[in-house]
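A short write-up of the structure that comes next.
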Amino acid sequence: MEIGVNRRRWLLVAVLLLAYGLRVHNLEVQSFWNDEGNSARLSERSIPLIIEGTASDIHPPLYYLLLNQWRKLVGHSEFGLRSLSLFAGLLTVPLTFVLGKKLEHRATRRKHGGSQRLGLIAAALVAINPAMVYYSQEARMYGLLGFLAVLTTVLLLRWFSVDSNQLSVNSNRSWMWGGAYVLCAAAGLYTHYFFPTVLLVHNLFVLLKIIQAYRTNFTIHNSLFTIKYWSLLMLATLLLYAPWLPIFLDQFGSDPVNRPGVGEFVTAVSHFLTFGATIEQEASLLWLVAGLLVIGLAYGRAKLILPLLGVLVPLGMMFVTGTTDAEFYKFLIVAVPFWVIWLGAAFTEANQRGLQLVAGICLLMLPWGEWQSLQNMYADPAYARADYRAMANRILAEDYPNAGVILNAANQWEAFTYYYLDSGNVYPLPEGRSRPSPDEIDATLSQIAAQHGRLYAIFWGEAQRDPERLIERWLDAHAFKATDEWYGDVRFVTYAVPSAPATEMATAVSLPFGENIRLNGYTLSETSLRPGDIVAVTLFWETAVPLQNRYKVFLHLVDENGIPVSQRDSEPGGGLALTTTWQPGEQVLDNHGLLIPRDLPPGSYRLLLGLYDLADPANRLPITTPEGITDAYWLTTLQVGE
């Protein structure tokens, strides 16, 4: 059924309003995470400093240069800085409509008077696509990357006309469209190092259309001129990018490549392209996607050459280069518009009413999974970005007079200091780009610890910058870990720093915990504290035999009625001195901190200690004391003042 011109316009307006609503909803609710902090900080600089900074970064400068000007118009709030990506992502929707319209089946156009159903379906699918929405809400270059990928493709098709058997340069203002293509293609190259994949798609498409025309004995109008002109466009694009080309080539390393199986990779990226990264894979939904792809491929024939290339070439490039981990799926933003056109073609290209009905039903079922993914993105903490805002606000609220902040790894500084003013007490570690040595860490942290009575440590990306966890090991050995919490994929840890390390046992007890573990004694920092202070406890353990089970230490602070008012559960050594690694007869020093709640009323509180099986928390080890057997040993009584 033909879609009238007015109805088509109103449908497109409705799709755009929906796209805007999904992208603006909760835009400023989540904190900036690491990379967004980098965008915020880098865009503060002058233009020469932005170019200088990105020359040593993993991304080229255009997005940061645009953000530098954008922030002058809208400010530097989370909403303002993210809104650049919002509008780039929003403009991708009508461009996808134009691209789908140009690629729609010629027979369908003639039969239905140009209903442009494929363009409308593709635009609607991009509007609600969770991955496209997600990266339209992030102060990074991926929204712009997707926009430029579609824009250059539309300009390519505008530069020359393509139907099923012919290819010719569009003589109407061909130089204008060619020049626009060159500028936008160069902009894409200056936006992200994955953009050459888009140009590869375009070159393969032009080549395949030329080969197809020769093989079917159809004329390629002005063929020599077309080929020469296309070569000139590519040369002009390369010349514009030439100043940055050496930096681009430096991005290629020789790290080992670990690839998943082809089937596993294709399944994972199919899920991402359709439902984003904020929902678990569901086989039934992926079968719907597979059915649509098969129908579209079967009936789209040569008309899907460009969408097929737009999907398969980026996937192939990622697989070949080994960028197959989930963290790199965002590169596939360039493929999403082609992907949804392929899905939509299952409905518009099928020439059998039954298959068209099946395709229509499958397309109508996809938004159910996409809506679930969007709901998770908006509201599920499991999919939230790392909350640097909350961590900074917590440090500010605790207002400890002599606190330092350690950022491991160093590239957290930009996001954290967006919310927390660095007044000389924020330490990005490890320093430099090389992996740290134990001596370097000891010297650096000894100097830092000497200046502060409390340290906050924010751990992220240790596997790359500090794989031996030297920083955390030093802190666990020389300070007292009181909290250890996750904010998204970032750990927030609070340490009390003693005036001197507790290497000597203050109180000897020699208490058996179970059959093989013995507490030789302990040392307490002090027993008179105020709300907000940290109780520092050093435990001296020993085992008689190698231990097969992992045990957790618990410290409970209870009131006069035995009700816990604070507790700390942790494996020994902050989780780095597991009981399964203890050597028989060797004394293990184990530091623990327990935070006194800021709202705790003054009074006397008992500090209890125990061990329980990590695999079965209800299984506490029996403790043999002079008064009898218990499962929680009374270490001492603490006096909490006002």
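The values are calculated or read from the model by the stated rules, or taken from the named source; none is laboratory data. Owing to the predicted nature of the structure, the values given are computational and were not obtained by experimental measurement. So basically every Cβ, Gly included, is an ideal-geometry build from the backbone, and we count neighbours across all protein chains shown. Only protein heavy atoms, including side chains, enter the accessible area calculation; ligands, DNA and RNA are left aside. Shrake-Rupley method; radii C 1.70, N 1.55, O 1.52, S 1.80 Å.
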Percent antiparallel among DSSP beta bridges (both partners in the stretch 393-522, rounded to 5): 65 percent
Between helix 223-241 and the chain: long-axis angle, C-alpha atoms, 0 to 90°, nearest 10: 30 degrees
Dipole magnitude of the chain about its Cα centre (Cβ charges: Lys, Arg +1; Asp, Glu -1), debye to nearest 20: 4760 debye
Signed unit charges on C-beta, dipole axis of the chain, positive-most listed residue G143, M391, V294: V294
Estimated distance in nm for a label pair at W486 and L18, the labels positioned 7 Å out from Cα along Cα-to-Cβ: 3.4 nm
Beta bridges by DSSP in the chain, antiparallel share as percent, to the nearest 5: 85 percent
Cα gyration tensor, the stretch 428-507 - rounded (a/c under 1.5), prolate or oblate: oblate
Helix-only CD estimate at 222 nm, as mean residue ellipticity for the chain, using -39500 (n - 2.57) per DSSP H run (n ≥ 4): -15500 deg cm²/dmol
FRET efficiency, 1/(1 + (r/R0)^6) with R0 22 Å, evaluated for A390 and E52 via beta carbons: 0.10
Within the accessible area of the chain (1.4 Å probe), percent carbon and sulfur: 58 percent
Net charge over other residues, Cβ less than 15 angstrom from the Cβ of R394 (K, R count +1; D, E count -1): -2
Distance between modelled label sites at K72 and R606, nm, 7 Å Cα→Cβ extension: 6.8 nm
Helix 305-321 vs. the chain, principal-axis angle (Cα, 0 to 90°, nearest 10): 30 degrees
Mean separation of Cα contacts under 8 Å (6+ apart) over length of the chain, as relative contact order %: 11 percent
Estimated FRET transfer efficiency when R0 is 45 angstrom, pair A382-M176 (beta carbons, to 0.05): 0.35
Cα centre as origin, Lys/Arg/Asp/Glu Cβ charges: the stretch 525-602 dipole, Debye: 180 debye
Acute angle (nearest 10 degrees) that the helix 5-24 long axis makes with the longest principal axis of the chain, alpha-carbon atoms: 20 degrees
Cα-projected label distance for L249 with W10, points at 7 Å along beta-carbon direction, nm: 5.8 nm
Vicinal HN-Hα couplings computed from phi for the stretch 59-66 (Karplus, 6.51 cos²θ - 1.76 cosθ + 1.60; Hz; Gly/Pro x): 9, x, x, 4, 4, 5, 5, 5
Gyration tensor (Cα) of the stretch 448-595, equivalent ellipsoid semi-axes in angstrom: 23, 21, 16
The stretch 485-642, accessible area per residue, ligands and nucleic acids excluded (1.4 Å, Å²): 47 Å²
Karplus-derived 3J(HN,Hα), 6.51/-1.76/1.60, for each residue of the stretch 33-42, Hz, glycine and proline x: 9, 3, 5, 5, x, 4, 4, 4, 6, 5
Amide proton proximity set for F513, modelled H, under 5 Å, gap of 5+: R518, L519
Compactness of the chain - radius of gyration and Dmax, Cα, Å: 30.6, 101
From phi via Karplus (6.51, -1.76, 1.60), per-residue ³J(HN,Hα) for the stretch 282-299 in Hz, x at Gly/Pro: 10, 4, 4, 5, 5, 5, 4, 4, 4, x, 5, 5, 5, 5, x, 5, 5, 10
Value of Rg to Rh for the stretch 320-421 (Rh from inverse mean 1/r over Cα pairs, i.e. Kirkwood): 1.23
FRET efficiency estimate (nearest 0.05) - Cβ-Cβ, R530 to V294, R0 51 angstrom: 0.15
Mean-position separation - Cα centroids, the stretch 335-375 and the stretch 506-524, in angstrom: 66 Å
Theoretical gain in end-to-end length, E327 to D422 [0.36 nm per residue, Cα-Cα removed]: 31.3 nm
